[in-house]
Structure formats: C-alpha cells, structure tokens
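Q: Could you have a look at this structure, given as structure tokens, before my questions?
The values are calculated or read from the model by the stated rules, or taken from the named source; none is laboratory data. Treat the numbers as computed from the prediction; the structure is a model and nothing was measured. Ideal geometry is used to build each Cβ from the backbone, glycine not excepted, and the neighbour counts take in all protein chains shown.
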Amino acid sequence: MKQQLLVDMDGVLADVYSQFLKLEFEELGIKQSLKDLEGVLEMKAFAYAEKYVRTKGFFRNAPTIEGSVEGLKYLNDKYNMLIVSSATEFPDSLSEKLYWLNEHYPFITWEQMIFCGKKDSVKGDIMLDDHFKNLDYFEGKTVLFTQPHNAKMDNGRHIRANNWNEVVSIL
C-alpha cells in the first residue's frame, strides 16, 4: 500500500513570494530581495500583505515554483498524494486555488484536493510544507520546503528541502 503524502500549496507549489514582491513594487515602488526577507513571516515582511492576499487574482495568478510540476507528477505516481491547502481564510482563495491547481497540475484529481482552515485534522504518513506551524504537530515524516520566512530557522525536527530536486531525492 502506498504511503499518504500531504503537500502544501502556497510556498511549495505556488510562488506567493513573487506575487507579494510584484504587488508591493507596483503599489509602493519598493523592491525587496528574497535575502532581505529571511527570517520574517510573509505577513510582516510586506506592508500590505493582508490586503494583497485578499486581492482578486492573488492566488489565481501566482507562478509555479520551479520544478514543482515535474516533481509533483513523479511523486503522484509513487504516493497516495493529497494537496492540502488552508483556503478558507481569504474570500477568493478557495476558488482561485482550485482553478490554479487544475491549470498547472491537471494530473491532480478533485479527489486529491483538500481545502481547509487548519491542517491538523488531515492525517498522512509524510507532510511537505513551508511552515513550522503545520509540520510541528504532524506525527509522520516531515519535510520543510525552504522559503525566506523559514530560511534562518531549524528546530531539528524536519528534513529540509531547498528546491524540488531535493524534495524528489528525499522522498
């Protein structure tokens, strides 16, 4: 029987940092580098982050993270995979994420998509996420996908993957 792999969307599949950087530059003329943002959560790193995530198209127009399409396709054959995303907090998030997944990852079926509030009720064998708050409670194997907000942190509990090549190698 295949192991169940839970994969996060934002920061693992969807490049939300590109969206934040783009919107901040367009609105304020501020051009930050990813290096400048290391160790700072997204909602604190960008002055209008809360506004941006509530902007129609924020999730729908996010680019994919490099290597994620090929990597996810490979892992989809190897594992019983579920895409698990907190999608109920922001008004347009749920529908935009559904359309986004269907467009960029057409091999993922509707049965493999879980849109929720908190992820702690979803069970599996392995979780791939970019936030400690989601990985720390998880009882199975955990893989932390590097993003600026977690780049300077390491609690020693999770295997770190810096990119999708590393994700595939680890899993």
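Q: Being modelled with pLDDT under 95 and among the hydroxyl-bearing types (Ser, Thr, Tyr), is that true of even one residue in the stretch 21-36?
A: Scanning the stretch 21-36 turns up at least one residue that is modelled with pLDDT under 95 and among the hydroxyl-bearing types (Ser, Thr, Tyr).
Q: Please verify whether Thr88 is of a type in the set (Val, Ile, Thr) and not in a loop (DSSP other than H, G, I, E, B), treating the condition exactly as stated.
A: The answer is no for Thr88.
Q: Taking the conditions exactly as written (assigned to a helix (DSSP H, G or I) and either surrounded by 18 or more Cβ atoms within 10 Å (Cβ to Cβ) or not assigned by TED's automatic domain parsing to the domain that holds Glu166 (or both)), does Tyr74 satisfy them or not?
A: no
Q: Something else: Checking the structure you have, find out if any residue of the stretch 35-50 is over 23 Å from Met153 (Cα atoms) and in contact (Cβ under 8 Å) with a residue 24 or more places away in the chain.
A: The answer is yes; a qualifying residue exists.
Q: Take the residues of the stretch 96-106 that are free of Cβ contacts under 8 Å to residues at least 12 places away in the same chain and in a helix (DSSP H, G or I): which is surrounded by the most Cβ atoms within 10 Å (Cβ to Cβ)?
A: Asn102
Q: Which residues, counting only those in the stretch 1-49, are of a type in the set (D, E, K, R) and within 17 Å of the chain's Cα centre (by Cα)?
A: Asp8, Asp10, Asp15, Glu38, Glu42
Q: Please verify whether the stretch 108-127 includes one or more residues that are farther than 12 Å from Val7 by Cβ, among the β-branched types (Val, Ile, Thr) and in contact with a helix residue (DSSP H, G or I) (Cβ under 8 Å, 6 or more places away or on another chain).
A: Within the stretch 108-127 (the criterion being farther than 12 Å from Val7 by Cβ, among the β-branched types (Val, Ile, Thr) and in contact with a helix residue (DSSP H, G or I) (Cβ under 8 Å, 6 or more places away or on another chain)), the answer is no, since none of the residues qualifies.
Q: In contact with a Lys or Arg (Cβ under 7 Å, 6 or more places away or on another chain), surrounded by fewer than 16 Cβ atoms within 10 Å (Cβ to Cβ) and of a type outside the set (Ser, Thr, Tyr), is that true of Pro91?
A: Here the answer is yes, as Pro91 does meet what is asked.
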